[in-house]
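Derivation of every value follows stated rules applied to the coordinates shown; laboratory data play no part. Please read these numbers as outputs of a predicted model, since none were measured by experiment. Cβ atoms come from the backbone with ideal geometry, glycine included; neighbour counts cover every protein chain shown.
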């Protein structure tokens with residue numbers, strides 16, 4: 001079993017052990033095992049040249065230092081901290097002695113797509129099992145050294161301690177564990193919550209000091225030797241290419257080295273193809289941008305040249321007023337509505353939105369001899385790897401994707417088109433390149449959030465009960481970007497606040513209409529929950545007023561008896577965020593509880609001065625239950641201020657409360673931008689905004705002054721927190737504005753003029 005190699009020994013895993021450790025649950029996490037050891041040892045440390053690597057996520061050196069792999073992308077969510085934190089907790093590693101390394105894009109790490117508020121939910125159990133496996137191996141090694149039963153040995157804070165009090169350090173045990181078989185999964189004992197060191201405890205992000213001091217490496221920070229700067233000029237309309245161009249003037253700009261074209265994929269397109277256009281490669285950013293300005297280009301006109309987003313949205317609204325394709329139906333809405341003694345009716349509009357992260361898309365690439373290496377702030381390095389390989393005609397094994405920190409993303413950087421562009425430019429230019437998207441590029445050529453139009457009508461019977469609910473939603477689906485035949489929302493899109501209505505209303509109809517995509521459309525933080533949460537949350541506030549019931553009490557009453565809802569039996573379109581409904585049920589008791597918590601914590605119902613108001617809304621998204629209360633003040637000039645926001649959050653086990661609170665604080669500011677400021681309009685197929693003067697985001701005076709996050713203690717499986725802050729905030733804000741001014745808000749961004 002052993003083969004001598006100078007100072008070290010390589011342990012060869014037999015087939016049975018490899019199969020036993022080759023996967024962890026459904027995630028496919030590889031546990032290929034390779035160990036090195038030395039005869040030298042100390043009580044707490046061993047040979048510093050030895051590295052014990054029991055799986056691809058954990059390494060322990062002979063000096064006792066632990067290196068953990070972060071395989072998801074860090075964009076401000078703290079996931080580069082939270083997942084290693086889970087490993088460290090079950091391993092009983094001292095967090096002060098932990099080093100985190102970022103994984104490259106590779107399928108051996110399992111799913112690396114840091115999107116959809118999915119990371120902790122997907123990897124909580126696998127990470128715990130991996131940590132517990134290594135902990136047990138260290139305990140077994142210590143037991144063998146002492147000649148005692150393993151039950152007498154317990155790992156604690158970077159040591160394994162015997163019941164007698166004597167201890168071995170992790171460094172010493174690293175080389176002692178190398179010839180132990182990987183334990184059967186059934187032999188593992190996971191910690192109980194009372195034994196957690198880090199899980200559910202406040203922990204600052206691993207990169208905090210580097211980020212605060214400016215030494216953290218983001219997309220454009222990587223120093224690629226010899227790199228030239230590349231920028232592109234792209235057709236203002238989504239799809240068509242170039243009729244002609246003259247790059248001679250650009251080539252006369254000092255520092256400009258090359259001007260050439262990249263093919264345009266046309267429209268429809270995919271989310272992973274280079275957009276195409278005219279490329280300028282230069283010695284510096286300034287030279288590249290000046291060269292871009294000097295280009296003389298005549299663009300082709302395509303199938304979306306007549307797209308006017310305002311008229312398109314009005315057409316969607318007119319169709320929302322008419323019967324559409326039924327996506328969920330129960331009872332008889334028409335008959336019930338005819339018997340209603342009161343009705344609440346409203347139309348809701350949300351414009352196109354841009355991601356607009358502080359760090360625009362950027363990527364660095366080096367292509368040489370059928371090999372490509374990329375450095376980029378990407379959310380999905382494996383998709384990036386596949387897309388780059390396909391664009392270059394390479395095997396995936398010939399492409400390496402290094403993941404930097406992301407300066408914001410919100411879903412934009414899960415699409416790898418900009419990394420593909422960098423690779424193509426490097427190959428064509430012959431240089432290593434830094435591709436820069438300007439802010440104008442970012443806003444005008446984004447994968448925009450879809451615009452939408454909705455119509456809701458609610459019937460209230462003679463007993464003051466809601467007996468009918470009609471909800472029609474119209475918006476171009478994300479799939480329409482790549483397939484013109486896709487004109488109605490998919491099941492996953494209507495399952496974000498439309499067909500998954502949890503309220504106990506006997507007669508209900510949820511309907512959609514066709515709306516083809518006219519620009520590149522992609523997912524943005526919380527996706528269709530944004531506009532559905534807005535419309536449903538505001539409508540429920542109107543229903544409360546019509547019924548003469550307190551808005552918080554109205555939500556609780558409409559939920560009915562506590563129950564777990566099988567939406568799959570109610571509509572074939574139901575999608576449960578890729579999880580089995582049995583494992584992550586739609587639990588109205590948890591939903592009711594967050595409403596009650598936020599009501600109590602916020603001082604709901606307290607007296608408010610003139611021009612001030614409170615609003616409440618609740619929404620479940622990405623399997624997390626959230627209720628929100630927003631306080632506003634509105635002055636005589638219509639200026640809106642948000643002095644206080646309260647959230648109640650049930651996300652299952654709160655793995656890292658510090659990051660949960662940060663995500664909700666940031667989510668409130670993000671949602672305030674969407675509600676108060678942000679709007680993309682398209683005319684003649686061209687996005688009209690090109691920077692933050694046109695596409696506005698919340699300034700410090702617009703953002704909430706204070707946000708309090710009340711995390712519900714829970715032993716349920718953990719769920720996502722990146723996107724759930726957004727959907728309930730917007731209607732809670734609108735409802736607060738109504739309480740302060742008497743004006744209902746049915747269109748975003750909010751205007752009180």
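Sorting the segments 618-628, 229-239 by their residues' average number of neighbouring beta-carbon atoms within 10 angstrom, most packed first, yields 618-628, 229-239. Averaging Cα coordinates gives a centre for region 670-705 and one for region 583-613; these two points are 29 Å apart.
What is the packing order of peptides 556-569, 63-76, taking the mean over residues of other C-beta atoms within 10 Å and listing the highest first?
Working: 556-569: 14.5, 63-76: 23.4.
By packing density, highest mean first, the sequence is 63-76, 556-569.
When the helices of the chain are scored as -39500 (n - 2.57) per DSSP H run of n ≥ 4 and the total is divided over every residue, the value at 222 nm lands at -8500 deg cm²/dmol. The modelled label-to-label distance for the pair residue 191/residue 209, using points 7 Å beyond Cα in the direction of Cβ, is 2.3 nm. Across the chain, counting alpha-carbon atoms alone, Rg and Dmax equal 28.0, 89 Å.
For residue 566 and residue 461, a Förster radius of 41 Å and the Cβ-Cβ distance give a FRET efficiency of 0.95, rounded to the nearest 0.05.
What ranking do 678-686, 79-87 get when scored by the average of other Cβ atoms within 10 Å per residue, highest first? Intermediate results must be reported in sequence, preceding the final value.
Details: 678-686: 19.2, 79-87: 26.1.
The most tightly packed comes first, giving 79-87, 678-686.
Residues 524, 392 in ascending order of nearby Cβ atoms (within 10 Å, fewest first): 392, 524.
Under 1.5 on a/c is rounded, so check that first for region 582-725, then, if it is not, pick prolate when a/b is larger than b/c and oblate when it is not; a ≥ b ≥ c are the square roots of the alpha carbon gyration tensor eigenvalues.
Working: a/c = 2.31, a/b = 1.36, b/c = 1.70.
Since a/c reaches 1.5 but b/c is at least a/b, the shape of region 582-725 is classed as oblate.
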